[in-house]
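The values are calculated or read from the model by the stated rules, or taken from the named source; none is laboratory data. Being a predicted model, the structure only gives us computed values, none of them experimental. Because the Cβ atoms are built from the backbone with ideal geometry, glycine has one as well, and the counts that use them run over all protein chains shown.
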Amino acid sequence: MKNIILFLSILISLRFAYSKPTAEPDSALLFAYSTTKNNNKNGLHYAWTIDQKKWHLVGPEHSFVRSDYGTWGAQKRMISPVLIKGVDNKWHAIWQLNEQDGVFAHASSDDLIFWYRQSYPQVLVGDNVSKPEMSWDKTNNQYNISWFSPKSNKHFRAISRDLKNYEDVGELDADSYGKQRLKVNLSGVEEEGTLHKVAWEVIDKIINAQKLEVYKSQLHNERTEDDIVRFADLKSVSVDFSVDLNNQKRISDYLMGIFFEDINYAADGGLYAELIQNRGFEYHTHDKKGSDPNWNSFKSWKLEGKAITHKIDTINPIHINNKNYVTLSVTANGGALLNEGFDGIVFRNGQKYDFSIFAKNIKGDISSLLVELLDEDGKVIAQQTIKSIGKKWQKKSLVLQASGAARKGILRITPQGRGEIALDMVSLFPQETFKNRKNGLRKDLAETIAAIQPRFVRFPGGCVAHGDGIHNIYNWKNTIGALEERKPQRNLWGYHQSVGLGYYEYFQFCEDLGAEPLPVIAAGVPCQNSSDRGAGQQCGIPLDEMDDYIQDILDLIEYANSDRNTYWGKKRAAAGHPEPFNLKYLGIGNEDLITDIFEERFTLIFNAIKAKYPEIIVIGTAGPFNEGTDYVEGWNIADRLNVPMMDEHYYQTPGWYIYNQDFYDRYDRDKSKVYLGEYAAHLPGRPNNLETALAEAIHLTSLERNGDIVEMTSYAPLLAKEGFTQWNPDLIYFNNEEVKPTVGYEVQKLFGEHVGTHYVNSTNRIHSTDFKVTNRIATSVVWNENNSELILKMVNMLPVTVDVVIDTAHLISFDANIEKTELSDVPSSKIAKPSKSVVDLQHLNQLRLQPYSLTVFKLIKK
Ligand code: AHR
């Protein structure tokens, strides 16, 4: 950012070399338009002219604002925008959104550069609002909106006094419409838009804003692969470094946490140790919106033998929430039902497995079930029989011990006898789970997560928390209690959530990790990119249903924190946890589009929690980026309501992290605290390699420095199953057999293992005047008063060594044995691992940081 400020001053002094008129005019004409390119998704462009002959395209075709209506792909379109300057002295833009909906879009701006929140008023049902126009009616003190509707082949109008509420929709005489747009030939292409006379200053600012974007983008897109040229003359860099132990500030104890979302099969087939896929026969073609005919209630199951058939029944389920079950008809011995798990089940020799099933005999004489574990060759490696199956649903359990191993094993259930039998909730868990919990978590994965030493766990998302459409908003109440009574649902990432890993299990996991729970609940609005039944952010939970929705949130706090005699406390105790879980933090909203609809609902929820549970730290949301409309509008809400903490999300290039180390240094210390809830460095192709990991390490040093206002951080997403991944990069990859932590994971773990209670000031004199060099060296020093450790972290993202001379005079009170951990390799490395050694103070006197490295020193107070 310092570089950007420098750039701005250069801009002002040199006045950019765009082809501006020699004598600067007082005013010019600004043409505002959008194109049909990219299916109308490129947003609002400007061109300017003095004489209406020579046109100057800004960018060209730089997008000053894009439409945020509806889902990615088909929507997010800006068609035929119209701009006017309102009586409020703001610019107002309206535009058409698509070819079917009876809505249009509105946004406003002070300077034509930054645009405030968008709204999508619905003024028609069953017909489209095409090419809306807008004007100010001085006489009636109102805005007149008019448009054409193709189905009815009629023109309509509506009025608005505040551009929030629209009324008096009625037919309009065709002659009164179509006056606002004009056509301009821009570089040989005729574009339609609106023309405005503005002061030259306005044009100047627009041009400079676009130039600044280009400059920032060049910096942010710097890649290590170009370092060889960029730093061709650089041999090595020297740094004088000294630590001022007397200059410290308290930082957050919760800086390093994890973001758990059921994306990439992180839950079912992942962390949740259940080995049976689709155990409740609840998969539905709609989970994948009908795109896969094999994704149905029998997914992952098959029948063996000719004498057996199946049907999915719903007539008399175990519980209304879990409505499907399978009915098997057996006409001769030998027919069996098989489950292949999540692409095969891994069985380990000697390991014990808890099997359970709900069964009822419908007709005939099937009173027992032979349950077998098979290896990939069909060899039986464990066998037991479920007996005494009655006429009513009953849960039956047994333990199977594998006498062999399998990588792609199968579960086989063979009804003994003939007739009809109904089965549901077929479950198989390894007995060995994380902390040996029943209905527990996969041990190797959970232990890999635990090694980061996360101080908090955010769950259940991410977008999963706010869902694809209102009906898909994650409802914590559906995820607790007996497994057969939970309500599975579609996962917006295109698969299924059994919710076997539900709120109780999340809380238990947090406790087992020694981490604070941080649930995130939708702010009464679904994901802004929703495509399922409605176009996302235009809808929110109807206001007359908000009381119930808010009550659910208050109930969650009671479930987590109240004593066992309360209604919800009793449920927690019944699940096995009489003591409260001590919930302190609650996220409301997930990087939502900040609209009036959002603000209205967020405010209701926030005020209700504050009134009933003032001790709960509510975390608001500031959109999906580190700047722009949602970020600014989200923070404005935080200021207005005094929200204690704000959740920020940004996935950025390594260059962004390199050049924005002062991002939080510039934050106002009197405002809300920050939870950096989702971040990661992204490169084209989305690898997780040393280049991305070191960029994250650079950012983490600045997060430690700002640990007085940045309270929590979590890399996102956490888990990804190979072959079942919707999002890259992730922190930990895995398959059924193996866990594969990434280089980014090693960085998170190094920071998690080496946290401080205080940030210690240090001086870092880099002998270089090149900001591209100085920005690639980052350091941070923390003191941990709990274990008397002083931690030095040093990142070198240069292709050359960095020679650091540390003034060790201040460090003589520390033990001579210093633990040094170094993570270094070529930037493209996906396999770099930290190596440990023991050094002494002398080593720090003449320290050499390897090219592309993170080095951590642990000094223990004598
Ligand atoms: O982390 C993956 C996704 O990124 C999250 O679900 C969402 O919040 C963000 O867009």
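Annotation: of all residues in region 455-473 being over 27 Å from Asp512 (Cα atoms) and in contact with a Cys (Cβ under 7 Å, 6 or more places away or on another chain), the one that is surrounded by the fewest Cβ atoms within 10 Å (Cβ to Cβ) is Ile470.
Only one of Val520, Val525 is of a type in the set (A, V, I, L, M) and in contact with a Pro (Cβ under 8 Å, 6 or more places away or on another chain); which?
Numbers: Val525 fails: in contact with a Pro (Cβ under 8 Å, 6 or more places away or on another chain).
Val520 is the lone residue from the list that is of a type in the set (A, V, I, L, M) and in contact with a Pro (Cβ under 8 Å, 6 or more places away or on another chain).
Residues that are away from the ligand (no atom under 16 Å from the Cβ), under 28 Å from Pro687 (Cβ atoms) and either outside any loop (DSSP other than H, G, I, E, B) or not aliphatic (A, V, I, L, M) (or both) do occur in region 263-271, at least one of them. Can you tell me which residue within region 602-614, out of those that are touching a residue at least 24 places away in the same chain (Cβ under 8 Å) and under 14 Å from Glu558 (Cα atoms), is farthest from the ligand (Cβ to nearest atom)? Ranking the qualifying residues of region 602-614, first place goes to Lys612.
Of the residues Glu678, Glu704, Glu737, only one is of a type in the set (Asp, Glu) and crowded, with 24+ Cβ neighbours inside 10 Å; which? Don't jump to the end; show me each part of the working.
On the way: Glu678 fails: crowded, with 24+ Cβ neighbours inside 10 Å; Glu737 fails: crowded, with 24+ Cβ neighbours inside 10 Å.
Result of the check over Glu678, Glu704, Glu737: Glu704.
Considering only residues that are of a type in the set (S, T, N, Q) and modelled with pLDDT under 95, which ones fall in region 120-139? Across region 120-139, the qualifying residue is only Gln122. Those strands (runs of 3 or more DSSP E) of region 417-514 in which 1 or more residues are of a type in the set (Phe, Trp, Tyr) occupy 419-430, 456-459, 495-497. If you go through region 208-236 and keep only what is over 18 Å from Gln661 (Cβ atoms) and aromatic (Phe, Trp, Tyr), you end up with just Phe231. Assessment of region 184-193 against the conditions (surrounded by 24 or more Cβ atoms within 10 Å (Cβ to Cβ) and either assigned to a loop (DSSP other than H, G, I, E, B) or under 38 Å from the mean Cα position of the chain (by Cα) (or both)) yields at least one matching residue. Under the condition of being away from the ligand (no atom under 16 Å from the Cβ) and of a type outside the set (D, E, K, R), the residues counted in region 699-719 number 9. Of all residues in region 578-601, those being buried (at least 18 other Cβ atoms within 10 Å of the Cβ), of a type outside the set (A, V, I, L, M), away from the ligand (no atom under 16 Å from the Cβ) and in contact (Cβ under 8 Å) with a residue 60 or more places away in the chain number 4. Taking Asn278, is it outside the structural domain of Tyr325 (by TED's automatic domain parsing), away from the ligand (no atom under 16 Å from the Cβ) and touching a residue at least 40 places away in the same chain (Cβ under 8 Å)? For Asn278, the condition - outside the structural domain of Tyr325 (by TED's automatic domain parsing), away from the ligand (no atom under 16 Å from the Cβ) and touching a residue at least 40 places away in the same chain (Cβ under 8 Å) - is met.
When the residues of region 309-332 are filtered to those that are among the hydroxyl-bearing types (Ser, Thr, Tyr) and touching a residue at least 40 places away in the same chain (Cβ under 8 Å), the one that is surrounded by the most Cβ atoms within 10 Å (Cβ to Cβ) is Tyr325.
The residues of region 452-494 that are within 16 Å of the ligand (Cβ to nearest atom), more than 16 Å from Val525 (Cα to Cα) and touching a Ser or Thr at 6+ places or on another chain (Cβ under 7 Å) amount to a single one, Arg458.
Quick check: anything in region 237-249 of a type in the set (Asp, Glu) and surrounded by fewer than 20 Cβ atoms within 10 Å (Cβ to Cβ)? Yes: region 237-249 contains one or more residues that are of a type in the set (Asp, Glu) and surrounded by fewer than 20 Cβ atoms within 10 Å (Cβ to Cβ). Taking residues in region 130-142 that are within 28 Å of Asp101 (Cα to Cα) and in the same structural domain as Asn165 (by TED's automatic domain parsing), and partners anywhere that are among the aliphatic types (A, V, I, L, M) and part of a strand (DSSP E or B), the pairs with Cβ atoms closer than 6 Å and at least 6 places apart or on different chains are Pro132/Ile94; Pro132/Ile145; Glu133/Val82; Met134/Val82; Met134/Ile84; Met134/Ile94; Met134/Ile145; Gln142/Ile159. Scanning region 803-833 for residues that are more than 21 Å from Leu234 (Cβ to Cβ), hydrophobic (A, V, I, L, M, F, W, C) and surrounded by fewer than 17 Cβ atoms within 10 Å (Cβ to Cβ) returns Ala809, Ile812, Ala816, Ile831. For the residues Lys311, Lys302, Lys249, the requirement of being under 26 Å from Phe734 (Cβ atoms) and assigned to a strand (DSSP E or B) singles out Lys302.
Would you check if Val237 is under 16 Å from Ile777 (Cα atoms) and assigned by TED's automatic domain parsing to the domain that holds Val805? In short, yes.
The single condition among (1) within 16 Å of the ligand (Cβ to nearest atom); (2) among the hydrophobic types (A, V, I, L, M, F, W, C); (3) in a loop (DSSP other than H, G, I, E, B); (4) crowded, with 23+ Cβ neighbours inside 10 Å that Trp727 does not meet is (4). The condition (being touching a helix residue (DSSP H, G or I) at 6+ places or on another chain (Cβ under 6 Å), without any contact (Cβ under 8 Å) to a residue 60 or more places away in the chain and more than 14 Å from the ligand (Cβ to nearest atom)) is satisfied by just one residue among Glu691, Glu722, Glu696: Glu696.
Exactly one residue out of Gly290, Gly341, Gly305, Gly335 is surrounded by 19 or more Cβ atoms within 10 Å (Cβ to Cβ) and at positive phi: that is Gly341.
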